[in-house]
Structures are given as C-alpha cells and as structure tokens.
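The values are calculated or read from the model by the stated rules, or taken from the named source; none is laboratory data. Source: prediction; values computed, not measured. Here the Cβ positions follow ideal geometry from the backbone for every residue, glycine too, while neighbour counts run over all protein chains shown. What goes into the accessible areas is simple: the full protein's heavy atoms, side chains included, and nothing from ligands, DNA or RNA. Shrake-Rupley method; radii C 1.70, N 1.55, O 1.52, S 1.80 Å.
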Amino acid sequence: EATEGGGIQVYSPHLPSAGGRSAVLSMESGLARALERREFELHFQPLVDAAGGQVVTAEALLRWNSAALGRRSPAEFIPLLERSGLIVPVGDWVLREACRQAAAWDGVRVAVNLSARQFMGGGLAESVRRALAESGLPAERLELEITESLMMQSPERAVRLLSELKRTGVRVVLDDFGTGFSNLSYLHTFPLDGLKIDRSFVVALGQSERAGSIIAAIVQMGHALGLDVVAEGIETSEQHGALRRLGVPVLQGYLFGRPQARWRP
Ligand code: C2E
Ligand code: MG
Ligand code: MG
Ligand code: MG
C-alpha cells in the first residue's frame, strides 16, 4: 500500500499484478527453450486473386505450442520474443522453415513477417540469402512483410537495409498499412513492392462510407505507383463483394481460409 510521508511504498501502477508478472516470467523462460524443444510451428494462410480465386501467396504465421503453457497467441508471445532479443534466432528459424516448405509449392509465394529487432539488428540480408540457398526457393517467391512503425525507428537506415534486401531479389510489402503514423514519403523513398491494407479498414466498411473511399484511394495510389495492393481480414461475403467493387486485386481473410499447418496450395 502507498503511504504518505516516508513509509515504504510498495504500490506501483506500472507493474503488472503478481499473477500477471509470474505468467510473463514463465512465458519468457518457456520461450527461451522453445526452439530447441521444437515447440514452434508455422501455419499458412492464403492470399487469393480477387478475380480468379487462385492462391497467389501464403503468409507464414508463427505458432507456439508450449509443453508447459499450451497454445499461446502471437499477440502475447511475439512482444516477449522482441523484448528478449529471441526474435532474432526465432525469426531466422521462421525464414528458413517458410522457405523450406514453400520450395515444394507450385509457383505460390510465401510471405514472412519481420520484426524491428530482426530488421534493424544487422545480418538480415545474409539470413535471407542463406534461407534461399538452403531451400532452393527462387528469391522472387519470398515476400517480406514489414510495418510502418518498424521503418519509422530509423528511416535512413531502413532505406539502406531495404535496398540491400531488394538486391537479394525478394519482394517487400508494407503490412497493416494505414495504422501507423502513415508517412507517405515512404512510398517514394522506399523500394516497396506492395501494400497490405489493414483489417481495421475492412471492418469499418460496414460502418462508414469513408472507409470505402479510403480503400479506393489506396488502390488508385498503389496502381499509380506500381505497388500491389492486398486487403486483409475479410470474413464476410459482404466485405468480399465491397472489396471487389473497390478494385482490391488480392484478398486475405478467414472467408478464404484460416491459417493452417501442413498447408498445401
Ligand atoms: P499480421 O501479420 O497482420 O497477420 C494477420 C493476423 O490476422 C494473423 O493473426 C491472422 O491469423 C489474422 N487473421 C487473418 N485473417 C483474419 C480474419 O479474417 N479475421 C481476423 N479477425 N483475423 C484474421 P496471428 O496469426 O495471431 O498473428 C498476429 C500478428 O503476429 C501478425 O499480424 C504479425 O504481426 C505477428 N506475427 C505472426 N507471425 C510472426 C512471425 O513469424 N514473425 C513476426 N515478427 N511476427 C509475426
Ligand atoms: Mg503480416
Ligand atoms: Mg497484416
Ligand atoms: Mg494486421
């Protein structure tokens, strides 16, 4: 309890509750051994061509099946991997495993999410080259997803790193587009191949006219800049219809397929 005037202050609003704290601690110690215990797995979710319905890409999504804690959501454990720096070896595993599996697919690309630590830490282009060489996956079939906030941390460095990555021949797309502090100067200074419109705009479609206008504007801008445009998080046929009318060429969401293990396009 907090006391006034010189007592011992044990109350702190910044610390999680004892239960929350020990849950985080046990997740952290579990994560430290998860790679060697082979508790990670990749699930894959399709991105489909809106006109023809073919699968063009599959996004790799990390899953952790902890022996002690059961299945945990990426929303919980990815921030912990980032904080501890474990995201670097785990991210490297994701890259290699995604390329290894995708090499057996017939022409379908694989998309891999990158975190800031992995991107800014150095050695990423080397990891990418190694994952490609080891798997035999052609570089143009690997797509890396980065976020605006990741690039904001150090824009000049990000441009250099992106250019280095692009020289390996992979594609780079901006994920969750529209949710960061969108800075449109990225779109001409960064060598990007595509934009993924965040799910929140798709959700807003049913609620506001403006959401549709924003999506239409992003599609036009993407077209003018030669960027591929994808919308994520499509769950209903109403959303599907609206996005087709708005001209979004590639779609991803539960309506087309949930992320799943042992995926074959
Ligand atoms: P993200 O990259 O934006 O991935 C899309 C998330 O939305 C995934 O959640 C996916 O399962 C979910 N999703 C897909 N379609 C729908 C839909 O129709 N409705 C709804 N409600 N959700 C949908 P997931 O797998 O829980 O991953 C969450 C986030 O964790 C990802 O967001 C990504 O930022 C991060 N993440 C996942 N795997 C990795 C990884 O290997 N490395 C890194 N650095 N981050 C990862
Ligand atoms: Mg993603
Ligand atoms: Mg996304
Ligand atoms: Mg997202």
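Observations
- Criterion violated by Ala211 - all others in (1) within 14 Å of ligand 1 (Cβ to nearest atom); (2) in a helix (DSSP H, G or I) satisfied: (1)
- Residue within segment 233-241 that is at pLDDT below 95 and open to solvent by 40 Å² or more (accessible area, probe 1.4 Å) present: no
- Scan segment 242-265 for residues that are touching a helix residue (DSSP H, G or I) at 6+ places or on another chain (Cβ under 8 Å), open to solvent by less than 20 Å² (accessible area, probe 1.4 Å) and not hydrophobic (A, V, I, L, M, F, W, C) and the total you get is 1.
- Counting the residues of segment 78-96 that are open to solvent by less than 50 Å² (accessible area, probe 1.4 Å), within 16 Å of ligand 2 (Cβ to nearest atom) and not aliphatic (A, V, I, L, M) gives 1.
- Some residue of segment 103-112 being open to solvent by less than 20 Å² (accessible area, probe 1.4 Å) and touching a Pro at 6+ places or on another chain (Cβ under 7 Å): yes
- Failed criterion for Ile197 (all others in (1) within 16 Å of ligand 3 (Cβ to nearest atom); (2) open to solvent by 10 Å² or more (accessible area, probe 1.4 Å) hold): (2)
- In the set Arg117, Arg100, Arg96, only one residue is part of a helix (DSSP H, G or I), within 19 Å of the chain's Cα centre (by Cα), modelled with pLDDT of 95 or more and within 13 Å of ligand 1 (Cβ to nearest atom); that residue is Arg96.
- Residue in segment 151-166 that is out of contact with any Cys (no Cβ under 6 Å at 6 or more places or on another chain), acidic (Asp, Glu) and within 16 Å of ligand 3 (Cβ to nearest atom) present: no
- Any chance Gly222 is modelled with pLDDT under 90 and away from ligand 3 (no atom under 15 Å from the Cβ): no
Matching residues to (1) part of a helix (DSSP H, G or I); (2) open to solvent by less than 50 Å² (accessible area, probe 1.4 Å); (3) on the phi > 0 side of the Ramachandran plot:
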| position | (1), (2), (3) |
| --- | --- |
| Leu144 | no, yes, no |
| Ser163 | yes, yes, no |
| Gly169 | no, yes, yes |
| Pro191 | no, yes, no |
